[in-house]
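The block underneath contains the structure these notes are about, expressed in structure tokens.
The values are calculated or read from the model by the stated rules, or taken from the named source; none is laboratory data. Values in this document were obtained by computation on a predicted structure and should not be read as measured data. We place every Cβ from the backbone using ideal geometry, glycine too, and count neighbours over all the protein chains shown. To get the accessible areas, we keep the full protein, side chains included, count just its heavy atoms, and leave off ligands, DNA and RNA. Shrake-Rupley method; radii C 1.70, N 1.55, O 1.52, S 1.80 Å.
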Amino acid sequence: MAFGVTVDNNNVSGQQVEEAGKYNVRILDNSEAKKTSTGKDMAVMNYEVVDGPYAGGQIRYDNIVWDEKDEDARKRSERNFNTMLVAVGVPEGTKVDSIQKFVRGMAGKELSVTVDWSEFNGKLNLNVKRREPKLANGSEPNGVTRDMFEAKNSAPNTQAPSSNAFASKQPEQTGFNPFAKQAVNNSEIDISDDDLPF
């Protein structure tokens, strides 16, 4: 076969996912089984978006840890791994007896992941929050870019300090509803679910 390339703006190396949201992804074969610094088994999953404006972009380093420090941790771990197996359509009753088999068996499978921006070691990256079956209507970026997330989280605190030391230690009863936009000085504040105390 002779050389031949047709220019395709969607088929480029280094495509990046620039927005948080829900994405249909394929699990890449460079995903791997590793150990955490404390010796726990961990699956490091890497994904490639399969549709939408970020098709070909990668979401990397989704770390899923198998933790057996107590019964609750073991049940959480089992639920996390099982969620992925169900999301990609592994048949009911299938047994997976090692993290290496889990990672190898997942390569090439498709599911959807919900991602949001998070900061780690001073860098902002997309972090996987949920894993579910593939979206029938395609990927759904939500419009929140790295710059928007940074701007929102670096806004200065404009509240004046209280002159009464006792008052500053007591919660103020203002009728605050964490699920609604609150008006302060004629400007709206949108409270993120990540900023809620529960």
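See the values below:
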{"item": "Test for MET84: is it over 21 Å from VAL144 (Cα atoms), among the hydrophobic types (A, V, I, L, M, F, W, C), in contact with a Lys or Arg (Cβ under 8 Å, 6 or more places away or on another chain) and not in a helix (DSSP H, G or I)", "result": "no"}
{"item": "Residue list for the stretch 87-116, restricted to those being of a type outside the set (A, V, I, L, M) and part of a loop (DSSP other than H, G, I, E, B)", "result": "GLY89, PRO91, GLU92, GLY93, THR94, LYS95, ASP97, SER98, GLY108, LYS109"}
{"item": "Residues within the stretch 58-81 that are part of a helix (DSSP H, G or I) and either crowded, with 18+ Cβ neighbours inside 10 Å or touching a helix residue (DSSP H, G or I) at 6+ places or on another chain (Cβ under 9 Å) (or both), tallied", "result": "2"}
{"item": "Extreme residue, nearest to the chain's Cα centre (by Cα), among residues of the stretch 103-139 that are among the acidic types (Asp, Glu) and over 17 Å from GLY56 (Cβ atoms)", "result": "ASP116"}
{"item": "Neighbours by Cβ (under 7 Å, 6+ apart or cross-chain): first from the stretch 136-155, on the phi < 0 side of the Ramachandran plot; second in a strand (DSSP E or B) and charged (D, E, K, R)", "result": "SER139/LYS22; GLU140/LYS22; PRO141/GLU19; ASN142/GLU19; VAL144/GLU19; THR145/GLU19"}
{"item": "Contacts under 6 angstrom Cβ, first residue in the stretch 54-70 being at negative phi and in contact (Cβ under 8 Å) with a residue 60 or more places away in the chain, partner part of a loop (DSSP other than H, G, I, E, B) and buried (at least 16 other Cβ atoms within 10 Å of the Cβ), 6 or more apart", "result": "TYR54/VAL17; ILE59/VAL17"}
{"item": "Residue in the stretch 21-32 that is part of a loop (DSSP other than H, G, I, E, B), within 18 Å of the chain's Cα centre (by Cα) and within 26 Å of LEU135 (Cβ to Cβ) present", "result": "yes"}
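So that you can scan it fast, the table gives a plain yes or no per residue for (1) surrounded by 13 or more Cβ atoms within 10 Å (Cβ to Cβ); (2) at pLDDT below 95:
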residue	(1), (2)
THR6	no, yes
ASN9	no, yes
GLU18	yes, yes
LYS22	yes, no
VAL25	yes, no
ALA33	yes, no
MET45	yes, no
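Yes or no, residue by residue, for (1) open to solvent by less than 90 Å² (accessible area, probe 1.4 Å); (2) of a type in the set (Val, Ile, Thr); (3) closer than 20 Å to ASN30 by Cβ:
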{"site": "VAL90", "(1), (2), (3)": "yes, yes, no"}
{"site": "ILE99", "(1), (2), (3)": "yes, yes, yes"}
{"site": "VAL103", "(1), (2), (3)": "yes, yes, yes"}
{"site": "ALA107", "(1), (2), (3)": "yes, no, yes"}
{"site": "LEU111", "(1), (2), (3)": "yes, no, yes"}
{"site": "THR145", "(1), (2), (3)": "yes, yes, no"}
{"site": "PHE149", "(1), (2), (3)": "yes, no, no"}
{"site": "ASN153", "(1), (2), (3)": "yes, no, no"}
